[in-house]
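**Student:** Please read through the structure below; I'll follow up with questions.
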Amino acid sequence: MGKFYRRLALLVLLVLAISGAVIYFTVDIHTLTNLTMFQPWSLALALLFIGVGLFLDGSRLMHLVHISHEDITLSQAVQVVFGNYFLALLTPGATGGAVAQMMFLRHAGVPTGKATVLVFVRTVVSILFLILCMPFIFMHEAHILPGVSNAKLMMISFAAFLVIVFLVWAINSNLLGQLIVKLARKLSPTRRRSLIHMYRDTRNAIRLLAESPKPMLLVFFESGLSLICIYAIVPCLLLGLGVYDADWYAVMGRMIFLNMLLYFTPTPGGSGIAEGGFVLLFSETVPQGTVGIVAVCWRLIAEYIPFLIGFYYTVKVFGATFLRKKEESEQSL
């Protein structure tokens, strides 16, 4: 447990340092003036949206589990969602999030093999929704990322989509399976098992998607609506600062683009990169001197409050032995 508390203390220090630095380097003489215009009702609205978003996240997980011929309650699904937030923020690249989801799913009675597939599908569906949004974002706004043309960003998004399509085709045709077998023969036993397990989980996930197209369409819809509700926190905060004439399509587009990048960041929960990216993308939209404060408020509502709730559920469900269970789960992946 000492290792866990050291990791938790480092996370708290990291969050405080990043938040303090972001606010310090973005305040100016206009900050206090603009903050006096802030309306408290926007915080309540932001909390409402994050609540709806997390509810939909739990609902889509229930439907995913049902597709796999298992069942969990909404309460158990919510524990999975918040547990994901908790361990994702404690581990580099948010890798602990997948471990947390498996721990809670197995505690809810879902077999390990199915839990692994469900966690994989849950992530892929979210990323697929964001990728499909990219063309609409790039067509609306000419220069979303300074220094990088939208044409290059569009090519990257299109390439990512083609890679997903190719992987689906390769797995269904068993071409990828043959390549995996040839590659596995050249690896050490440990790496060979990891590669085969990863391929097996990917293949099972794709089969799960293909066997239930209509239920998966509902899951995809819930995933998109959940993400949109969570990203709507920022428009709520901007409205609270008196920003009524913003290009809301562009605001949501930038939030989708930023969160797409956060799926591939190496820092715990995207800490540092999220705040820096927000400042870069919204410095001209947010009232002067408040972009850092809005960035920190966004992270507080969207990540740190769910993190604390996830901490509560993890301790409640697994007690003082949850860290040992986590390490055992990591070894089994």
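**Student:** Compute the distance in nm between two label points, each set 7 Å from the Cα along the Cα-to-Cβ direction, one at residue 143 and one at residue 285.
**Tutor:** 1.7
**Student:** Mind counting lysine pairs for me in the range 20-332? Cα separation below 30 Å, and the two need to be 8 or more apart along the chain or on different chains.
**Tutor:** Numbers: 114/182; 114/186; 114/214; 114/316; 114/325; 114/326; 316/325; 316/326.
Final tally of qualifying lysine pairs is 8.
**Student:** Report the gain in length on full extension from residue 37 to residue 52: 0.36 nm times residue separation, minus Cα-Cα distance, nm rounded to one decimal.
**Tutor:** Numbers: separation 15, 0.36 × 15 = 5.40 nm, distance 2.67 nm.
Roughly 2.7 nm would be gained on extension.
**Student:** Also: Compute the Kirkwood hydrodynamic radius of the chain, taking the inverse of the mean of 1/r over all pairs of distinct Cα atoms, and give it in Å to one decimal. Let's see the in-between values first.
**Tutor:** Details: mean 1/r = 0.0470 Å⁻¹.
Evaluated over the chain, this radius sits at 21.3 Å.
**Student:** Give me the angle, in degrees from 0 to 90, between the Cα long axis of helix 305-318 and the longest principal axis of the Cα atoms of the chain, rounded to the nearest 10.
**Tutor:** Approximately 40 degrees, to the nearest ten.
**Student:** For a quick check of your reading of the filter: which trypsin sites (Lys or Arg not before Pro) in the range 171-223 sit in a DSSP loop and have no more than 12 other Cβ atoms within 10 Å?
**Tutor:** 185, 186
**Student:** Using a Debye calculation, one point per C-alpha and no hydration shell, please list log10 I(q)/I(0) for the range 149-220 at q = 0.16, 0.19, 0.27 Å⁻¹ in order.
**Tutor:** Summing over Cα pairs of the range 149-220 leads to -0.74, -0.89, -1.13.
**Student:** Between residue 136 and residue 187, take the C-beta separation as r, use R0 = 41 Å, and let me know the FRET efficiency to the nearest 0.05.
**Tutor:** Details: r = 41 Å, r/R0 = 1.01.
Once rounded, the FRET efficiency stands at 0.50.
**Student:** Something else about it: Under the 0.36 nm per residue contour assumption, what length would be gained going from the current alpha-carbon distance of residue 312 and residue 44 to full extension? It would help to have the intermediate numbers written out before the result.
**Tutor:** Details: separation 268, 0.36 × 268 = 96.48 nm, distance 2.22 nm.
Gain on stretching residue 312 to residue 44: 94.3 nm.
**Student:** With springs only between Cα atoms under 10 Å, which of 29, 305, 273 fluctuates most in a Gaussian network model of the chain?
**Tutor:** 29
**Student:** Angle check, please: helix 74-90 long axis (alpha carbons) against the longest principal axis of the chain (alpha carbons), in degrees 0 to 90, nearest 10.
**Tutor:** The angle comes out near 70 degrees.
**Student:** Something else: Which whole-angstrom value gives the distance between the alpha carbon centres of the range 1-69 and the range 110-156?
**Tutor:** 21
Read the figures in this text as sums done on the coordinates, not as results from a lab. These numbers come from a predicted model, not from an experiment. We place every Cβ from the backbone using ideal geometry, glycine too, and count neighbours over all the protein chains shown.
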